[in-house]
1. When a/c is below 1.5 the answer is rounded, else prolate if a/b is larger than b/c, else oblate, so apply that to the range 54-131 with a ≥ b ≥ c taken from the square roots of the Cα gyration tensor eigenvalues.
2. Order of Asp51, Asp80 from fewest to most other C-beta atoms within 10 Å?
3. In terms of the Cα gyration tensor, with a ≥ b ≥ c the square roots of its eigenvalues, is the chain rounded because a/c is under 1.5, prolate because a/b exceeds b/c, or oblate?
4. Give me Val61, Val45, Val86 ranked fewest to most by other Cβ atoms within 10 Å of their Cβ, as a rough exposure proxy.
5. Using a 10 Å cut-off around each Cβ, can you sort Leu112, Leu12, Leu5 from fewest to most neighbouring Cβ atoms?
6. For the range 1-63, state which trypsin sites (Lys or Arg not before Pro) are in a DSSP loop and have at most 15 other beta carbons lying within 10 Å of their beta carbon.
Amino acid sequence: MNIPLLFPSLDLLTQWHLEFSVVNEKTWDQALFGETPQGSHIRGVLSSVPDPNNDRDRTSVRYWLNFSDFYQWPHITYYDSTDDLVQKLTTTDFPLISKKMKEHNKQVKENLLTKWKEILDNIKRYSRKWT
């Protein structure tokens with residue numbers, strides 16, 4: 001569909017989550033009980049990785065929000081404030097962004113089809129049923 005998307009910047013969404021719990025489905029405690037957790041009940045294995053269930057720590061919240069789809073995809077427009085959003089809504093070339101999204105999605109589709117063809121060809125080649 002290639003519809004241009006606008007999302008709050010990672011810093012802004014982190015701030016909003018800490019202040020207003022806008023991503024309350026991020027942890028079970030918030031989603032089910034409306035409680036803001038300070039961490040997991042089970043300690044993590046890697047001390048260098050922030051606790052995914054600590055919704056009171058800026059570093060932890062920011063670290064895990066960074067893995068959200070909209071921070072991974074190309075051609076997403078991010079805003080840092082409501083004023084910035086208004087400015088971007090009035091000045092962004094949305095048809096150009098849509099075109100770039102379409103080109104990217106076409107390439108992703110071609111790559112996926114190639115990979116799946118290789119996988120299925122290998123299954124066929126090495127499966128007893130096909131030999």
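All of the numbers you see were taken from the coordinates with simple rules; none came from a lab. All figures in this text were calculated on a predicted structure; none of them were measured in a lab. Every residue, glycine as well, gets a Cβ built from its backbone with ideal geometry; the counts of neighbours run over all protein chains shown.
1. Numbers: a/c = 7.83, a/b = 1.78, b/c = 4.41.
It comes out oblate by the Cα gyration axes.
2. Least to most surrounded, the residues fall as Asp80, Asp51.
3. Oblate shape, in that a/c is at least 1.5 and b/c is the bigger or equal ratio.
4. On the way: Val61 22, Val45 6, Val86 11.
If I rank by nearby Cβ atoms, fewest first, I get Val45, Val86, Val61.
5. Leu112, Leu5, Leu12
6. Working: sites: Lys26, Arg43, Arg56, Arg58, Arg62; in loops: Arg43, Arg56.
When the trypsin sites (Lys or Arg not before Pro) of the range 1-63 are filtered for loop state and at most 15 Cβ neighbours within 10 Å, Arg43, Arg56 remain.
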